[in-house]
Structure formats: C-alpha cells, structure tokens
C-alpha cells in the first residue's frame, strides 16, 4: 500500500492551524503533495438565519472582499512558515464540509487532515466541521485533537 | 513533534480490518506500539430495546462466552498476520466508543485508527462507531474510509 501522497490540510487560520499542519507533515511521505485549504463561509450564510432582514447585508460584498485579502495574507504566511508552495494554498468559498469534499474529489486527495475540539452532546448533533467532513468524505480523515490549553 | 508512538487500532474482525491495520502500520513510527482492540458489545445492550422481555436473554451468557472464544481466535490470527504481539491484542466488553476512549486514556494512546463507511444523513444522527469515537476522544483519530467494493 502506498503512502499518503496527496493530502488536504483544512486550516482555520487560527494559531491552531500550526498544530494541525505539523501533524500533517509528520504523516506525509517525503515527496507528498500538501494542500492547505481555507474555506470562507459567505457571511449571509452565517447570519441570515439570525437577522434575515438586516440592512447590513447590502454592505457585505465589500467587507467580504476585504476579509478575503486579509485571509490570503494569513494563508500565505502559514504556507511560507511550513514550506508549502503558493500554488498549494487555496481559499474556497461556501460551506466548509461541502467545499472540502469537492476539492478532495477533484484533486484525488487521499487524506484530509482537520482540527477538532472533540465536541460531544449537543454540539455533536449540531455538527462540528470535523464531524461534517468525516461524513461523506471519499478518502481517509485524520482528526487532530486540539487541546483547550494550546 | 514526536511521531505517533502509541496507536490503538479499533478492529471489527471483518475483512475490512486488514485495510485499517495496513493504514495504521503505514503511519506508525518504526518502534511504535500498535494495540489491536475489538469491543464486544453485550447482546442485551443490542437487543434489549427491541425485545426487552425476551426469554432468550437467559441463554445469552453461554452464547457470549462461546462467541468470545471465537473472537479471540480471529484476533490472534489477525495479530499474527500483521506481526502484532499477543499482549497487544485486546478484547473489551461494553459500548465500543466508551471502551475505546477508556483504553486510550488508560494507555496514553496518541492515535486511534478506525474504519468508517462515510455514513451521512440519518446514520449521522444515530451515530456510527467512527463518529462516536471521534467525539470525546482525547487524542487524534484517523478514520480510514472503507470502500463498498472491498
């Protein structure tokens, strides 16, 4: 059986991304392809259920574009820190689990690496991102436990 | 960051266990400790919600003991095939996720490897074993995707 050669690392660009990325590099074969993926969820996806009529939505386009620039810079810095080439850095738009699955399928990814806080109970029903990614993934998934103290 | 040194491989003793075990060996460091764990769920746990008054329960003790002997033999054969020493083979009793978590905590396990069929929808709500193991785990979890064709 071959080593994992094509690996998607889902990052949230918080300081926890370092932990997740280190684990991914640990597992990756010497000549493995590591892709860093950040999924930007459209703001109206997040807030429309809470404040569906908010006038603030009209200003979202500009805000999101600005945010996207900042996210790109953060992702570039992370890529540089871990030696991931810039064409392996991806900012996607949409629902995180859906976009991660789509990217994995389209790029023949063999392993998805993602951080998890080990939610249970109500959060399990509501579905954390790690949980949503696990279900429906067409490849292996490594869930890296993020400890609260980190 | 150190390699994974203490790994728990949750096996169901079906032919799929080979796939899961191969992936675990792929990731394990050269001198890593691999523990194979099979959790035997008490039959009355499984059926008591369906046929709570069944007279069949009185005969369960003997059946379970017999089953346990057969499971032990299967686990021993799997251990031999993959070069896992006999003191690293464990048959536990109880709820799979709970027993796997308990074993992981008590033995300072760094990585749990488990097979998954990538259930979604209703099965996600009902909770597959891989899903239950992910939630509440104190260590990393590698979910190995089992393909239907295997």
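The values are calculated or read from the model by the stated rules, or taken from the named source; none is laboratory data. Quick caveat: nothing in here was measured; it's all calculated off a predicted structure. Because the Cβ atoms are built from the backbone with ideal geometry, glycine has one as well, and the counts that use them run over all protein chains shown.
Numerical summary
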| item | result |
| --- | --- |
| Residue within the stretch B:92-100 that is at pLDDT 70 or above, more than 14 Å from the chain's Cα centre (by Cα) and within 14 Å of chain A (Cβ to nearest Cβ) present | no |
| Yes/no for residue A:86 being at pLDDT 80 or above, surrounded by fewer than 17 Cβ atoms within 10 Å (Cβ to Cβ) and under 26 Å from residue A:131 (Cα atoms) | no |
| Residue within the stretch A:118-130 that is within 14 Å of the chain's Cα centre (by Cα) and modelled with pLDDT under 75 present | yes |
| Filter pass, residue B:58 being modelled with pLDDT of 85 or more and more than 20 Å from residue B:137 (Cβ to Cβ) | no |
| So residue A:143, is it surrounded by fewer than 14 Cβ atoms within 10 Å (Cβ to Cβ) and either within 8 Å of chain B (Cβ to nearest Cβ) or at pLDDT 90 or above (or both) | no |
| Only listed residue being over 25 Å from residue B:144 (Cβ atoms), at pLDDT 80 or above and more than 10 Å from chain B (Cβ to nearest Cβ), chosen from A:73, A:150, A:105 | A:73 |
| Failed item in (1) at pLDDT below 90; (2) surrounded by fewer than 20 Cβ atoms within 10 Å (Cβ to Cβ), with residue B:27 passing the rest | (2) |
